[in-house]
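Beneath this line is the structure, given in structure tokens, with notes to follow.
Rule-based calculations on the coordinates, nothing more; no lab input. This is a predicted model, so every value here is computed, not measured. All Cβ positions, glycine included, derive from the backbone under ideal geometry; neighbour counts span all protein chains shown.
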Amino acid sequence: MRADDIGLIAKKDPLICKYAYSYVKGRQSKGNLDLVRTNMRRLAKLLQHAQKENAEIKQLIDILRPCHFQLIIAGVNKMAQYNPETENYESPTLAINFGTLVKKCCDLAYVDLLQKKTLMNKGKT
């Protein structure tokens, strides 16, 4: 991954790294590595956009809350170059792929939270 601001954000965010690990696990072909690198950068750009809009957001998991849904929509619209006048995307495939990407991150975050809750409950007994 390129050593720039986006790459640094992607490498530092735990949920983005968890996404990359879950995707690469078991798939080591060159095409898969390129795809996961691209998706990590896309998620980092989404996070960067959300951080510019709301200073309270520190990590990707913060924007997955329902109250920040509009930040996700605005970020995807910006990256997919949505034109409100024509109501078309310059890159509609990117907008569609973001839906799948964000859903995968939501699933990973949910599993992570369940695992933490289970560990906390085991510690109480």
Under 25 Å from Lys122, Cα to Cα: lysines that are on another chain or at least 8 residues apart: Lys18
Anisotropy class of the range 59-125 from Cα gyration tensor, a/c 1.5 cut: prolate
Would you please give the residues with an amide H less than 5 Å from that of Tyr82, counting only those at least 5 places away or on a separate chain, with H modeled from the backbone geometry? Glu90
Measure up Lys52/Lys104; Lys78/Lys117; Lys45/Lys116; Lys25/Lys104; Lys25/Lys103 against 25 Å on the Cα-Cα distance and list the ones that go over. Lys78/Lys117; Lys45/Lys116
If you rank Val24, Val111, Val76 by fewest surrounding Cβ atoms within 10 Å, what's the result? Val111, Val24, Val76
Shape call for the range 1-60 from the C-alpha gyration tensor, a ≥ b ≥ c root eigenvalues: rounded (a/c under 1.5), prolate (a/b greater than b/c) or oblate? prolate
Labelled set [x] 31; [y] 63; [z] 25; percent of Cα pairs over 26 Å apart computed from this model equals the value at [z]
Value of [θ]222 nm, deg cm²/dmol, for the chain, DSSP H segments ≥ 4, -39500 (n - 2.57) each, nearest 500: -24000 deg cm²/dmol
Hey, fewest Cβ within 10 Å first, where do Phe69, Phe98 land in order? Phe69, Phe98
What's the exposure ranking of Met40, Met120, Met79, going from fewest to most Cβ atoms within 10 Å? Met120, Met79, Met40
